[in-house]
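Structure record follows, encoded as structure tokens.
Only the coordinates and a few stated rules stand behind these numbers; no lab work does. All values derive from a computational prediction rather than experimental measurement. Here the Cβ positions follow ideal geometry from the backbone for every residue, glycine too, while neighbour counts run over all protein chains shown.
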Amino acid sequence: RDSGLDFRDSDELPTLTTEPIPVFVYGTLRPGDTRYDHIEDGVARHEPAQLRARIIATGADYPGLELSDSDGDTVDGVLLHPNAPGLARWMQLLDRIEGHPRLFSRVLCRVDAGRLAWVYVWKGERR
């Protein structure tokens, strides 16, 4: 039966590389900001990024974010690329810091040129 796959002999072994999905941060979790030192050990690298969204006032000592469809709404932030070892613990720590799922929802979004990233989106009331 034809499975639609093209089989051929090869002496090379296929490789598959995967990396954890990065996290887009825009407030106190950015490198150099007040809460980054709590999560820094889990970060392999970071880079600037932009997301179509708006920063909103939460009434607390940290900002919130809401997603937008408008081209004029852009938030500058940072993509944190996590270390693969310890990823689950690191994401649990981020969830606690961000008050997920009570205050923030963690959602998959596309940043910049379509790259996927986790983003914490504000669920609470706007102040």
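Split the chain at each of the GluC sites (Glu not before Pro) in a DSSP loop with at most 11 other beta carbon atoms within 10 Å, and the longest piece is 13-124.
Note on region 57-127: dipole from Cβ charges, positive end direction compared against W118, N83, G72; the farthest Cα belongs to N83.
How long is the gain from D112 to T15 if the chain were fully straight, where each residue apart is worth 0.36 nm and the alpha carbon distance is subtracted?
Result: 32.2 nm gained on full extension.
Think of the chain as a dipole: +1 on every Lys or Arg Cβ, -1 on every Asp or Glu Cβ, centred on the Cα centre; then among I21, A53, I97, I97 lies furthest on the positive end.
What do you get for the angle between helix 87-98 and the principal long axis of the chain? Use alpha-carbon atoms, 0 to 90 degrees, nearest ten. The helix 87-98 is inclined about 20 degrees to the chain. Rg then Dmax, both in Å and based on the Cα atoms of the chain: 18.3, 64. The dipole here belongs to the chain: it is taken about the Cα centre, uses +1 on the Cβ of Lys and Arg and -1 on the Cβ of Asp and Glu, and is about 640 debye.
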